[in-house]
Amino acid sequence: MSAILWNSADAADATGGKSNGDWVASGISIDTRTLESGDLFVAIDGVNQDGHKFIEAAFEKGACAAMVSRGSTESGPTLRVPDTLEGLDSLATYARRRVTARIAAITGSVGKTSTKEALGMALAASGRTHISAASYNNLWGVPLSIARMPTETDFAVFEIGMNHAGEIRPLAKLVRAHVAVITTVAPVHTEFFSSVDEIANEKGEVFSGLEPDGVAIINADIPHYERLRAAALRHGAAEIVGFGASAVADVKLVSIELSATSSRVVADVFSEIVEFQLGVAGRHMAMNALAVLASVHKMGGDVQRGAEALADIAPLGGRGRRHVARHAGAEVQIIDESYNANPASMRAAICVLGQQVVDEGARRMAVLGDMLELGAASGNMHADLAQILQECRIDCVFLAGPQMSRLWEVLPKSMRGGYAPTSVDLVPKVLRAVRDGDILMVKGSLGSNMSTIIDALIVPSESRGAH
Ligand SMILES: Nc1ncnc2c1ncn2[C@@H]1O[C@H](COP(=O)(O)OP(=O)(O)O)[C@@H](O)[C@H]1O
Ligand SMILES: [Mg+2]
């Protein structure tokens, strides 16, 4: 039997709700597809559908109880609250209050999940560590992640995301972090913001939730560093730490050796020289690692052991995970970046492709789909990728989507592999082109459906893993 996370008395106390039976829960779930036996099921309205429709299914899968705001059931005990999302917030508030753990909040335009996972691994070398699952970073993902935190936790790491102004502050106040990290600020979701400055202001709201002794950890290499420092001061941060390659950084990159699937990094962490192997490729990941080591230090963990743990990081599904595929007698390598894309992560992934070593005659191929939600500047942001593709010596480029047609127009003829309006239409062009030894990097926003191309190349038995 798993450890007890919640009992009916504590949950009633936390939410002010009415429990019609005694129960103990070993977990919390809002989704019956992933619910595990012993979980408390929280029926949230309108995440995808009305969760109240799934109460019976939850009990069938072994839920110990359900938190509901309406209806009735004979299948198991309920905790009745006026609003289940508020109820989940209340569980989070209670769970946060009952731990003595040191807590980190991570936000930024890109790199939140990568940094959260890396920090989780690094802290686990020093104590019992709890982190958010997947990219649970929104109005239900954050409270759910906090409510899942065991009482006996030494360190916890929560991801905070946003699509619109005003979303970060209430989540930051639930997390009540000792350390709040901004990985970077970049044009992502620009459709919903009038400028990147405005995006930076919204990210700075993460500091509103800092505890009185809280530390702000900010990317010192970005133009918004000063703006974010000012936000940290305004919100009363006790200390501000910059990380990066910049001379003003407190946690600084000393040197980096990039290779195809990993990096060797030397960092100056508050004047202590730390040398470590990073199990993922790309300079951007090393920058995330600096934020990780700064956080470990400020959370009271062991920096050296944390750095050693970073050797074991592996790329996440759809974010750099590799596959080998065989097609028509050719063996090709695929770097699967199909989970998401924006100008910052697109550049990072193109640089990683540029670092790949191919045999003579084989090629580095970029297979790219539209970056979505970029608003009016979208066309130019796509066309601008021509430069980095050339700088990184990408041999051959395949493009899908209406936005990518802008890049196609400006791409030198020698680099043009093929263009199609959709990823499905691009599949035959890519399949015809691949040769033995080629390395393909496939990336686009989730809505661009670039995983179609990977699915066409990979034999079904090769598992691609979850996002
Ligand atoms: N600091 C960074 N700068 C640029 N790209 C990054 C950075 N960190 C991660 N990435 C890339 O961005 C993509 C999304 O990473 P992820 O960590 O899932 O970000 P988020 O959780 O913020 O969406 C991946 O392709 C990853 O390789
Ligand atoms: Mg994420």
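Quick look at the values:
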item	result
Residue 77 in contact with a Gly (Cβ under 6 Å, 6 or more places away or on another chain), more than 15 Å from residue 180 (Cα to Cα) and not acidic (Asp, Glu)	yes
Hits in the stretch 312-355 (condition: buried (at least 20 other Cβ atoms within 10 Å of the Cβ) and of a type in the set (S, T, N, Q))	338, 340, 342, 345
Filter result (in a loop (DSSP other than H, G, I, E, B), farther than 12 Å from residue 84 by Cα and acidic (Asp, Glu)) within the stretch 36-55	36
Qualifying helices (runs of 4 or more DSSP H) (wholly inside the stretch 249-363; at least 1 residues being more than 28 Å from residue 188 (Cα to Cα) and away from ligand 2 (no atom under 16 Å from the Cβ))	283-298, 303-309
Given (1) buried (at least 21 other Cβ atoms within 10 Å of the Cβ); (2) touching a strand residue (DSSP E or B) at 6+ places or on another chain (Cβ under 9 Å); (3) not polar (S, T, N, Q), index of the condition residue 150 fails	(1)
Filter result for the condition that a residue is touching a Phe, Trp or Tyr at 6+ places or on another chain (Cβ under 6 Å), outside any loop (DSSP other than H, G, I, E, B), modelled with pLDDT of 95 or more and under 30 Å from residue 191 (Cβ atoms), over 105, 118	105
Top-ranked residue in the stretch 110-138 [being within 14 Å of ligand 1 (Cβ to nearest atom) and small (Gly, Ala, Ser); ranked as farthest from residue 339 (Cα to Cα)]	120
Check on residue 79, in contact (Cβ under 8 Å) with a residue 40 or more places away in the chain, under 18 Å from residue 6 (Cα atoms) and not in a helix (DSSP H, G or I)	yes
Condition check for residue 146: away from ligand 1 (no atom under 12 Å from the Cβ), closer than 20 Å to residue 210 by Cα and not in a loop (DSSP other than H, G, I, E, B)	yes
Long-range neighbours under 8 Å by Cβ, at least six apart or interchain, first residue assigned to a strand (DSSP E or B) within the stretch 426-439, second among the basic types (Lys, Arg) and surrounded by 17 or more Cβ atoms within 10 Å (Cβ to Cβ)	439/363; 439/364
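The values are calculated or read from the model by the stated rules, or taken from the named source; none is laboratory data. Keep in mind that what you see is a predicted model, and the values were worked out from it rather than measured. Please note: Cβ atoms are built from the backbone with ideal geometry, for glycine as well, and neighbour counts cover all protein chains shown.
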